[in-house]
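Let me begin by presenting the structure, written as structure tokens, before commenting on it.
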Amino acid sequence: MTRKVLTLAMVRKANDILLGLKKKGFGEGKWNGFGGKVENGETIYEGAVRELEEESGLIAKNMTKTGILEFEFVGDPVILEVHVFDVTKFEGDPTESEEMKPQWFSTDEIPYEKMWPDDRFWYPLYLKGNKFKGYFLYQGFDTILKHTLNEVDDLPT
């Protein structure tokens, strides 16, 4: 198995969360946070800041790591290691990019039916401000075969 390190920046203000509709590529047609691959020479944090700006036009001013999720897809030898960040201070206005169409949602109206199935499991922990680690094994892109999810006291930086 090989591992690919990715980021996911979740932007919040008051009782709203900013999600982006993925317009192309992996996860196309699903609502998600903003993120992607960490490039050579940058830290995970720097990758999260860059991806957020590229996909939404926002510049993170305060970002805290809140979770680490691992995803495995049956038949794919690559494990996706996703570092989840909570963004509560930012500059700019959400702007549509080639990849994402941003939209604010009330935290009690999150469109789970149009998101990755694992989001239903870990979003409640994230929204409560709890740190977490999880693992999800997918068959295809819509079926979770097994998963683990635990609250943790601390995460590696």
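The values are calculated or read from the model by the stated rules, or taken from the named source; none is laboratory data. The model shown is predicted, which means the values in this text are computed figures rather than measured ones. Positions of Cβ are backbone-derived with ideal geometry, glycine not excepted, and every protein chain shown enters the neighbour counts. Heavy atoms of the whole protein, side chains included, go into the accessibility calculation; ligands, DNA and RNA do not. Shrake-Rupley method; radii C 1.70, N 1.55, O 1.52, S 1.80 Å.
Taking first residues from segment 133-157 that are closer than 25 Å to residue 28 by Cα and partners that are part of a loop (DSSP other than H, G, I, E, B) and among the β-branched types (Val, Ile, Thr), the Cβ contacts under 6 Å between residues at least 6 apart in sequence or on separate chains come to 139/74. Residues that are closer than 20 Å to residue 59 by Cα, of a type in the set (D, E, K, R) and at pLDDT 95 or above within segment 6-34 comprise 12, 16, 22, listed in sequence order. Considered as a group, the residues in segment 127-143 that are at pLDDT 95 or above and over 17 Å from the mean Cα position of the chain (by Cα) include one that is least open to solvent (accessible area, probe 1.4 Å), and that residue is 143. Do we find a residue being of a type in the set (Ser, Thr, Tyr), in contact with a Pro (Cβ under 8 Å, 6 or more places away or on another chain), in a loop (DSSP other than H, G, I, E, B) and under 18 Å from residue 22 (Cα atoms) anywhere in segment 49-61? The answer is no; no qualifying residue exists. Screening residue 103 on (1) under 17 Å from residue 9 (Cβ atoms); (2) free of Cβ contacts under 8 Å to residues at least 24 places away in the same chain shows it passes everything except condition (2). Just give me the residues in segment 25-75 being open to solvent by 30 Å² or more (accessible area, probe 1.4 Å) and among the acidic types (Asp, Glu), in sequence order. Passing the criteria: 28, 39, 42, 46, 53, 54, 70, 72.
In a residue-by-residue description of segment 66-87, the property of being of a type in the set (A, V, I, L, M, F, W, C), under 17 Å from residue 11 (Cα atoms) and more than 13 Å from the chain's Cα centre (by Cα) applies to no position.
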